[in-house]
Amino acid sequence: MPDELKSSLVGEVRELQEITAATDTRDYLFAAARQAQRQYDDYELIVDVDAHTQEGRFWPEILEFMENDVLKHTALNQLAGGIRTPLINMQPGMSFQSLSGRVPHQSGPRESVSNPDKPGAAFVEIAKRSIDFMGVDYQVIFPTSMLHLGMNPMDDVEVYLARAYCRWMVEVVLPQEPRLTSLIYLPLNNVDQCERMVREFGNHPQIVGYTICAVRHKPIHHNQYMRLYAMIEESGKPLVFHAGPHWDDPSFTQLNRFISMHALSFVHYNLIHMTNWIINALPERFPKLKTVWVESGVAWIPFLMQRLDHEVLLRQSEAPGLKRMPSEYMQDMYYSSQPLERYDLKLLEATFEKMKASTQLLFSSDWPHWDFDPPSSITTLPFLDDQAKRNILGLNAAKLFNLPIKRTRPRAADAIAARAADRVS
């Protein structure tokens, strides 16, 4: 390169600022805001059906709602002793999600906020930054560490943490931001407490459904859950199965890399629960109960359709309650998009066609996990027409969760300008 060209470029070279857990979410998602500005700023509605609290940062706030004094005292002492999420049954030494240079917000955001001492305010401000810069009108919030809670050997811990988390959401977080919604975590190890939570919290306008964290060894078709499903069906709100990782599962202990476990476990539990749901004819028993299957991607859907159709054709006597093929029931169910397997677009297009994605697929970001997807993961798919993109990005979710089709997000240019002004001030 000529010396004169080298000298002319010196002033153009800037060192990139390191991204850490303290990085402002708006700076992290600046490229997403630019994508929103160019690709979908005119869409009438964008809904993110799966994002996460990273509740570890807010665990002291959640523990204040513990209704068991002994467990609360134990948890507060564990917190004082340096345990970040007391009572949670997970192995911090094997948490690889946020490491190796990937999204450090996974481990809990440490960015500055304007009102850090007000309960819930830090979470709400950080969440609002993410939805503004991704260009999202409404976001459905899930817990993170609690995805493993169904495997806790102490059933009462699941119940009391589920109630504490739900009360924190309903009483502290949701009143501060109408664009945030949540689901009731069902502590499935105690069906009576599940029913109690449906009665107590199910009518809250920002509670848009009920979730079963799928990492658990409970047969969801057991008769003990039938009254619970009937209550949920009567409420008109969907039942959401959220998958998760679990390296301690005996099958997965054979895997020697995080990526191997991550690839399989997020599909594994939803495969099992959906198979039980269909083969035991729960879609026939509860025909108005809508089910949603979250954070398993979409590649597994045609696989299970083919496997179950094949088996049922050969052994119909073992599924006497079915009036249709398993794949037909699956085509009536809803699925979240993340993590969207985009590396073979022909295969992805065939998957979308088989699952009827234009009416059944719901956009999800999974922010702030390391493999999150922005809305552009949908808008850049070449085989979708504009209406299908609008449906997947928001209109399907509006129908499912009974959300108003009304823009609440700022224009992307305004969000970017507000961040620039904030930097100056």
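The values are calculated or read from the model by the stated rules, or taken from the named source; none is laboratory data. Here the structure is a predicted model, which is why all the values come from computation and not from measurement. In this analysis, Cβ positions are derived from the backbone assuming ideal geometry, glycine residues included, and neighbour counts consider all displayed protein chains. When the accessible area is computed, the model is the full protein with side chains, heavy atoms only, and any ligands, DNA or RNA have been set aside. Shrake-Rupley method; radii C 1.70, N 1.55, O 1.52, S 1.80 Å.
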- prompt: Does region 234-245 contain any residue that is in a helix (DSSP H, G or I) and free of Cβ contacts under 8 Å to residues at least 24 places away in the same chain?
  reply: yes
- prompt: Taking region 315-331, which residues are free of Cβ contacts under 8 Å to residues at least 12 places away in the same chain and surrounded by 13 or more Cβ atoms within 10 Å (Cβ to Cβ)?
  reply: Arg324, Glu328
task: Answer yes or no: is there a residue in region 135-144 that is open to solvent by less than 10 Å² (accessible area, probe 1.4 Å) and modelled with pLDDT under 95.
output: yes
message: So, in region 257-287, how many residues would count as being open to solvent by 10 Å² or more (accessible area, probe 1.4 Å), at pLDDT 95 or above and of a type in the set (S, T, N, Q)?
response: 3
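Conditions tested, residue by residue: (1) in contact with a strand residue (DSSP E or B) (Cβ under 9 Å, 6 or more places away or on another chain); (2) not in a helix (DSSP H, G or I).
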| site | (1), (2) |
| --- | --- |
| Glu125 | no, no |
| Val140 | yes, yes |
| Met146 | yes, no |
| Pro153 | no, yes |
| Asp156 | no, no |
| Tyr165 | yes, no |
| Trp168 | no, no |
| Thr181 | yes, yes |
| Leu188 | yes, yes |
task: Assess whether His221 counts as being under 17 Å from Phe401 (Cα atoms) and in a loop (DSSP other than H, G, I, E, B).
output: no
- prompt: Would you call Leu393 in contact (Cβ under 8 Å) with a residue 60 or more places away in the chain, not polar (S, T, N, Q) and not in a loop (DSSP other than H, G, I, E, B)?
  reply: yes
query: Can you name the condition, by its number, that Phe383 falls short on among (1) over 25 Å from the mean Cα position of the chain (by Cα); (2) part of a helix (DSSP H, G or I)?
result: (2)
statement: Reported set for region 201-218 where residues are outside any strand (DSSP E or B) and touching a Cys at 6+ places or on another chain (Cβ under 9 Å) is Phe201
- prompt: Tell me, which residue of region 105-131 that is touching a Leu at 6+ places or on another chain (Cβ under 9 Å) and among the charged types (D, E, K, R) is surrounded by the fewest Cβ atoms within 10 Å (Cβ to Cβ)?
  reply: Lys128
- prompt: When region 42-53 is examined, which residues are found to be within 13 Å of Arg411 (Cβ to Cβ) and surrounded by 16 or more Cβ atoms within 10 Å (Cβ to Cβ)?
  reply: Tyr43, Ile46
message: Please go through region 58-101 and give me each residue that is part of a helix (DSSP H, G or I), modelled with pLDDT under 90 and touching a Ser or Thr at 6+ places or on another chain (Cβ under 9 Å), ordered by number.
response: Pro92
Selection count, region 367-399, where residues are in contact with a strand residue (DSSP E or B) (Cβ under 6 Å, 6 or more places away or on another chain) and either farther than 16 Å from Ile131 by Cα or modelled with pLDDT of 95 or more (or both): 4
task: Would you be able to say whether some residue in region 208-222 is under 23 Å from Val173 (Cβ atoms), open to solvent by 10 Å² or more (accessible area, probe 1.4 Å) and either within 22 Å of the chain's Cα centre (by Cα) or not charged (D, E, K, R) (or both)?
output: no
Candidate set from region 163-179 (those that are surrounded by 22 or more Cβ atoms within 10 Å (Cβ to Cβ) and hydrophobic (A, V, I, L, M, F, W, C)); member that is farthest from Asp137 (Cα to Cα): Ala164
